[in-house]
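Taking it in order: structure first as structure tokens, then the write-up.
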Amino acid sequence: MTELLQQAFDSTNFRAAGHQLVDQLADYLAANLHSQQEQVYQWVPPEEQLDYWQRFLQQPATADSLFSAVLNRSMHLHHTHYMGHQVAVPAPAAALSALMGAMLNNGTAVYEMGSVSAPMEKIIIAETAKAIGFDRTAEGYLTSGGTLANLTALLAARRQQAADDVWENGQQTRLAVMVSEEAHYCVDRAVRAMGWGAEGIIKVPANADYTMDTSLLEAAYEKARAKGIQVIAVVGSACSTSTGAYDDLEAIGSFCRKYKLWLHVDGAHGGAVIFSAKYAHLIRGIHEADSVVIDYHKMLLTPALTTALIFKNGGYSYETFAQKAQYLWEKGEDRDWYNLARRTFECTKHMMALRVYTLLSLYGVQLFDDAVTTLYDLGIRFAAMISARPGFELAVQPRTNIVCFRFNNGQDDEAVLNIRNSNIRKRLVESGHFYIVQTQLKGSTWLRVSLMNPFTGEKELSALLDAIAEKNA
Ligand SMILES: *Cc1c(COP(=O)(O)O)cnc(C)c1O
């Protein structure tokens, strides 16, 4: 045993540093939630940031000096002016359970290493499946992010749908999925990673409201068939990332039934709406899906990465990576649900179930309804504020907490507007007073917010519009 190892595992040091860290985070929480902190973010050019951390390593550090520097230089999601990317503002209890999971490090691949987290996963999946409207044959698991979950769902779809056994023999035929042109880029990436090439991803054009134009599915399908390509699945976006548009899952579902295609719903962001009594109607038809992805680490107050992948026919979740293609699960009770690595892409995995289970056990599923409903309400209120304010324009009427808009005094052409809005955002982010993002819609640049913090209110949104008008000056 070396002295250094002794030091690294010293429980007295751990206790002191831990108490100090929790105190610091509690102060951060209180100050940021109530806008007492001036800046949401301290912007520094990337090279300068790199230089800082290189120099930091050359000096003697304590846990306290390190954690303070990390806190000061990170984006503060708990600040009410955080309105940027779709990442959850974690509920503190979920963050504490993530710390506990990091210390225990039970890798969850096999039962003994997941004797707490595997049953928790099963319970969380059952709760989520029930909210989707699946019956008790549904099963699934938690995995590391929507990107990996979408890839895994498409691998499962290929297993069930492809005419040949790709897992065993490699790909002999041409396969494709159909998806809206507004879908998250990870669907495109998954298809190309599976080796289907550009022809494997058939992008269906969107309507004016950025939902998939489902009237074009039939023609796109026939065109692929004529080229000898087997379409195996349609992916519905619920909702899309840039504008928060929900595809018509009922229309896509009946198309899938007609041609016996797999319906996958990418609900990474907006699948959480199943928990909202007020807004669940946005995702009507989701119970028709063969597989559904929902990120807990977006709308559901959970630290990243925590994603559910749920199959309507739970048996399919066991077959994706099975070595023998014809391995059939005859009796439900034979399924070793507790040996999770058999079904997940990951081998070792964080005890991610603990984070969600903590929220369910302390607050109940109502917390998820409160979070989604509060944030979607806020998006709609913000849109009304934008419409009422001269000099501002909405890209599209939002139905969620994602709002795209721009400064437009009616005097500039598109090219000038694009530059103007891009500059406004740059100045705003560099000032540290607000964090918002931007997106390209039909070739134009729009400001974009995802209202992720339930403590953001009209006062902050009004201050944002003031700041934008001011940054334009
Ligand atoms: C965020 C998002 C993803 C990617 O999920 P990660 O958890 O970031 O990997 C995929 N699809 C949609 C619709 C998303 O909003």
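The values are calculated or read from the model by the stated rules, or taken from the named source; none is laboratory data. The model shown is predicted, which means the values in this text are computed figures rather than measured ones. All Cβ positions, glycine included, derive from the backbone under ideal geometry; neighbour counts span all protein chains shown. Remember, those area values only see protein heavy atoms, side chains included, never the ligands or the DNA or RNA. Shrake-Rupley method; radii C 1.70, N 1.55, O 1.52, S 1.80 Å.
Out of curiosity, is S276 out of contact with any Leu (no Cβ under 8 Å at 6 or more places or on another chain), small (G, A, S) and more than 11 Å from the ligand (Cβ to nearest atom)? Judged against the criteria, S276 is a match.
Right, S237: of a type outside the set (D, E), more than 24 Å from R159 (Cβ to Cβ) and at pLDDT 95 or above or not? In short, no. The set of residues from the range 66-111 being of a type in the set (V, I, T) and within 24 Å of L354 (Cβ to Cβ) comprises V70, V87, V89, T108, V110.
Every condition in (1) within 12 Å of the ligand (Cβ to nearest atom); (2) under 25 Å from A383 (Cβ atoms); (3) open to solvent by 20 Å² or more (accessible area, probe 1.4 Å) holds for R189 except the one numbered (2).
Taking every residue in the range 395-422 that is open to solvent by less than 60 Å² (accessible area, probe 1.4 Å) and of a type in the set (A, V, I, L, M, F, W, C) and pairing it with any residue that is assigned to a loop (DSSP other than H, G, I, E, B) and at pLDDT below 95, at least 6 positions away or on another chain, yields no pair with a Cβ-Cβ distance below 6 Å. Here the range 289-298 is the region considered, the condition is being under 22 Å from E250 (Cβ atoms) and not acidic (D, E), and the residue that is nearest to the ligand (Cβ to nearest atom) is V293.
Quick check on my filter: what residues within the range 338-361 are within 24 Å of L154 (Cα to Cα) and open to solvent by 10 Å² or more (accessible area, probe 1.4 Å)?
Of the residues in the range 338-361, the ones within 24 Å of L154 (Cα to Cα) are 338-350, 352-353.
If the condition is that a residue be within 24 Å of L154 (Cα to Cα) and open to solvent by 10 Å² or more (accessible area, probe 1.4 Å), then Y338, N339, A341, R342, F345, E346, C347, T348, K349, H350 are the ones that fit.
Taken over the range 331-371, the criterion of being without any contact (Cβ under 8 Å) to a residue 24 or more places away in the chain and over 17 Å from I123 (Cα atoms) is satisfied by K331, D334.
Are any residues in the range 149-176 closer than 22 Å to A322 by Cβ and either of a type in the set (S, T, N, Q) or free of Cβ contacts under 8 Å to residues at least 60 places away in the same chain (or both), and if so, which ones? Residues satisfying the conditions are N150, T152, Q160, Q161, D164, V166, N169, G170, Q171, Q172, T173, L175. Residue-level analysis places L21 among those that are more than 25 Å from the chain's Cα centre (by Cα), within 29 Å of K298 (Cα to Cα) and surrounded by 13 or more Cβ atoms within 10 Å (Cβ to Cβ). Scanning the range 399-437 for residues that are among the polar types (S, T, N, Q) and assigned to a helix (DSSP H, G or I) yields N418, N421, S422, N423, S431.
Screening the range 146-184 for residues that are of a type in the set (G, A, S) and not in a loop (DSSP other than H, G, I, E, B) and picking the one that is farthest from N313 (Cα to Cα) gives S180.
Considering each of A91, A129 in turn, give the residue that is crowded, with 22+ Cβ neighbours inside 10 Å and either free of Cβ contacts under 8 Å to residues at least 40 places away in the same chain or among the small types (G, A, S) (or both). First the steps, then the outcome.
Details: A91 fails: crowded, with 22+ Cβ neighbours inside 10 Å.
The match here is A129.
Taking residues in the range 455-473 that are among the basic types (K, R), and partners anywhere that are surrounded by 13 or more Cβ atoms within 10 Å (Cβ to Cβ), the pairs with Cβ atoms closer than 6 Å and at least 6 places apart or on different chains are K471/I424; K471/R427; K471/L428. For the condition within 16 Å of the ligand (Cβ to nearest atom) and without any contact (Cβ under 8 Å) to a residue 40 or more places away in the chain, Y141 does not qualify. Checking each residue in the range 192-213 for being farther than 23 Å from F345 by Cβ and open to solvent by less than 40 Å² (accessible area, probe 1.4 Å) picks out I202, V204, A206, Y210, T211, M212, D213.
Within the range 97-114, not a single residue is within 30 Å of M194 (Cβ to Cβ) and among the charged types (D, E, K, R). Only one of the listed residues (L217, L249) is open to solvent by less than 20 Å² (accessible area, probe 1.4 Å) and more than 15 Å from the ligand (Cβ to nearest atom). That residue is L217.
Inside the range 379-426, can you point out the residues that are over 27 Å from the mean Cα position of the chain (by Cα) and basic (K, R)? Scanning the range 379-426 gives R389, R420.
Conditions tested, residue by residue: (1) closer than 20 Å to S450 by Cβ; (2) among the aliphatic types (A, V, I, L, M).
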| site | (1), (2) |
| --- | --- |
| A384 | yes, yes |
| A395 | yes, yes |
| G410 | no, no |
| D413 | no, no |
| L417 | no, yes |
| N421 | yes, no |
| V429 | yes, yes |
| Y435 | yes, no |
